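Asks: Attaching a single structure in structure tokens format; questions to follow.
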Amino acid sequence: MRAQPKASHFIDGAYIEDDAGAPITCIYPATGETLAELHEATPALVDKALAAAKRAGPEWAALSGTERGRILRRAADMMRDENRALSEIETLDTGKPLQETLVADATSGADALEYFGGLAATIAGETFRLPGGDWAYTTRDPLGVCVGIGAWNYPTQIACWKAAPALACGNTMVFKPSETTPLSALRVAEILKEAGLPDGVFNVLQGRGGVGASLVTDPRVAKVSLTGSVPTGQKVYAAAAEGLRHVTMELGGKSPMIVFADADLDRAVSGAILGNFYSSGQVCSNGTRVFVERTCRDAFVDRLRERLKGVVMGDPLDEATNYGPMVSEAQMNIVLGYIEKGVAEGATLAHGGRRANRDGFFVEPTVFTGVTDDMTIAKEEIFGPVLSVLDFDSEDEVIRRANDTPFGLAAGVFTDDIRRAHRVAAAFRAGTCYINHYNAAPVEMPFGGSKMSGVGRENSLAAIEHYTERKTVYVGMGDVEAPF
Ligand code: NDP
């Protein structure tokens, strides 16, 4: 099976290769087969991409919002028309089942292009009347060259969530996908070009962390948007601070999901499945600490185990498969290591817990019960299909424990008591909260983390704030009074 792109990088409107870059082997996680051989960007290519983005900026920013938006919306339509082919690339790149990628990846990327394409013409400033007939106005100016750096779980979506608002606001971008999933951003770049995007406005460079790091500190760069882990976020934020660059940091989490005994248990179980096993658990906002009120814990766990019989593990390209492998052998070993730790620290393995007996990097959906707050599996982000059930007895207690984490990406509550639902949502210290649902991230809604889980928000009108800066112009209409 091969998915070799025309070349490793897409710079200034064209594919480009430089064999001098260190090799990157792209693996199909379901079988371990090699899909493609690429190269990291050399310093010369990093320079070429940034120079192209810098050069293309003024002309792109000078277009009207309507003109920029039209190109983005055309790209959205093209992505939808090509959804199946894009989904297949995403499935090969990540191992996520086609059943998922057909509805969650290129489609959500297209949503972002359509949404921000539609907004582009509305980006405007304000006016202020001031004493003496003076007045002031603001314009919302693009920041300039933005760097996007992506994680491997949603490569198409991440490329679009970053490119769409950046480009709508008149910025240009150099995007570095994760080296684990290098394929789909290249096709996004091609589609944008075919939709009419001028050369140099969106560029894709492959590479490991070092390539990302060299982009972040380049003096031509005005903003960095990273989706990745907290340790990487700390490094990138610190490096960006050197040049006082703007940042958006979409980082990891260890989010709580609270199930009260008065909740519709089937709905809560569905939420727990979505929030732990979709994309084989490789979702940043997953509600991996599932606090279940003690009086309904056994019923909840029984129903969850029953529903897990519906897992269809198999060839991700088969649309009947609803559960895929981990993205890489390394990630599989990390997850298996956490499962071992859970057992060693005294949690009860209620379901799964092993590498599946088949080719590829599959880990069974895993449920631990009897988990306590001090266990490693309750404290650290696992980024795999490991759900921990923690018991609780009262609302005050569970809110305190839910918030007792350095992370703050997401949080969820399942209850049929409307007052309790809003009380708990208000008490959560997390950027994105759910009542009787989990993990939906429509483009209309701001998405991002509190505390160590991030800075800034993606999607929604909020993203416009993060890709523009206000320029204020004071207009004097009368005499200028001076003391001497
Ligand atoms: P990493 O933090 O390992 O990597 C993220 C990206 O940063 C990769 O492209 C990586 O390159 C690059 N990178 C690594 N070091 C540096 C550096 N010093 N300077 C610049 N770039 C660097 O995350 P993963 O790819 O392993 O993704 C999983 C993590 O992402 C999880 O913690 C998850 O929670 C988080 N995440 C957050 C989301 C959110 O929206 N909040 C959504 C999805 C994931 P490479 O890996 O190629 O070496």
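Asks: Given the conditions (1) assigned to a strand (DSSP E or B); (2) touching a residue at least 60 places away in the same chain (Cβ under 8 Å); (3) open to solvent by 10 Å² or more (accessible area, probe 1.4 Å), report the number of the one that ALA36 does not fulfil.
Replies: Exception for ALA36: condition (3).
Asks: Which numbered condition trips up SER87, out of (1) under 20 Å from the mean Cα position of the chain (by Cα); (2) in contact (Cβ under 8 Å) with a residue 60 or more places away in the chain; (3) not in a strand (DSSP E or B)?
Replies: (2)
Asks: Name the residue, out of ALA104, ALA49, ALA85, that is crowded, with 17+ Cβ neighbours inside 10 Å and within 24 Å of ILE11 (Cβ to Cβ).
Replies: Sole residue among the options that is crowded, with 17+ Cβ neighbours inside 10 Å and within 24 Å of ILE11 (Cβ to Cβ): ALA49.
Asks: Could you look through region 167-184, keep only residues that are within 24 Å of GLY65 (Cα to Cα) and out of contact with any Gly (no Cβ under 7 Å at 6 or more places or on another chain), and pick out the one that is farthest from the ligand (Cβ to nearest atom)?
Replies: Top of the filtered list is GLY170.
Asks: State which residue is nearest to the ligand (Cβ to nearest atom) when the search covers only region 233-266 and only residues that are part of a strand (DSSP E or B) and open to solvent by less than 50 Å² (accessible area, probe 1.4 Å).
Replies: GLU250
Asks: Which numbered condition in (1) touching a residue at least 60 places away in the same chain (Cβ under 8 Å); (2) farther than 15 Å from ASN276 by Cβ; (3) of a type in the set (Val, Ile, Thr) is the only one that THR372 fails?
Replies: Going through the list (1) touching a residue at least 60 places away in the same chain (Cβ under 8 Å); (2) farther than 15 Å from ASN276 by Cβ; (3) of a type in the set (Val, Ile, Thr), THR372 breaks only (1).
Asks: Condition check: more than 21 Å from ILE339 (Cβ to Cβ) and surrounded by 17 or more Cβ atoms within 10 Å (Cβ to Cβ). Does ILE273 satisfy that?
Replies: Criteria not met by ILE273.
Asks: Report whether or not ALA120 is open to solvent by less than 40 Å² (accessible area, probe 1.4 Å) and farther than 20 Å from TYR15 by Cα.
Replies: So ALA120 passes the test.
Asks: One residue is enough: does region 193-209 have a residue meeting the conditions surrounded by fewer than 24 Cβ atoms within 10 Å (Cβ to Cβ), closer than 23 Å to VAL327 by Cβ, near the ligand (Cβ under 8 Å from one of its atoms) and not acidic (Asp, Glu)?
Replies: Yes, region 193-209 contains at least one residue that is surrounded by fewer than 24 Cβ atoms within 10 Å (Cβ to Cβ), closer than 23 Å to VAL327 by Cβ, near the ligand (Cβ under 8 Å from one of its atoms) and not acidic (Asp, Glu).
Asks: Of ILE16, ILE24, ILE71, which residue is among the aliphatic types (A, V, I, L, M), under 16 Å from LEU183 (Cα atoms) and open to solvent by 10 Å² or more (accessible area, probe 1.4 Å)?
Replies: Selected residue: ILE16, the only one of ILE16, ILE24, ILE71 that is among the aliphatic types (A, V, I, L, M), under 16 Å from LEU183 (Cα atoms) and open to solvent by 10 Å² or more (accessible area, probe 1.4 Å).
Asks: Just wondering, is there one or more residues in region 348-355 that are open to solvent by less than 10 Å² (accessible area, probe 1.4 Å) and among the aliphatic types (A, V, I, L, M)?
Replies: No, because not a single residue in region 348-355 is open to solvent by less than 10 Å² (accessible area, probe 1.4 Å) and among the aliphatic types (A, V, I, L, M).
Asks: Select from region 259-291 the residues that are free of Cβ contacts under 8 Å to residues at least 60 places away in the same chain and out of contact with any strand residue (DSSP E or B) (no Cβ under 9 Å at 6 or more places or on another chain) and list them in ascending order.
Replies: Hits for region 259-291 are ASP266, SER270.
Asks: Also: Restricting attention to region 330-347, does a residue exist that is small (Gly, Ala, Ser), within 26 Å of the chain's Cα centre (by Cα) and part of a loop (DSSP other than H, G, I, E, B)?
Replies: Initially, region 330-347 is screened for residues small (Gly, Ala, Ser), giving 330, 337, 342, 344, 346-347.
Filter once more, so that each one left must be within 26 Å of the chain's Cα centre (by Cα): 330, 337.
From the residues that got through so far, the ones that are part of a loop (DSSP other than H, G, I, E, B) too are none.
No.
Asks: Within region 276-295, which residues are open to solvent by 10 Å² or more (accessible area, probe 1.4 Å) and either in a loop (DSSP other than H, G, I, E, B) or within 11 Å of the ligand (Cβ to nearest atom) (or both)?
Replies: Listed by number, the residues that qualify are VAL283, CYS284, THR288.
The values are calculated or read from the model by the stated rules, or taken from the named source; none is laboratory data. Values in this document were obtained by computation on a predicted structure and should not be read as measured data. Cβ coordinates were reconstructed from backbone atoms using ideal geometry, including for glycine residues, and neighbour counts include every protein chain displayed. Quick note on the areas: whole protein, heavy atoms, side chains included, nothing else; ligands and nucleic acids left out. Shrake-Rupley method; radii C 1.70, N 1.55, O 1.52, S 1.80 Å.
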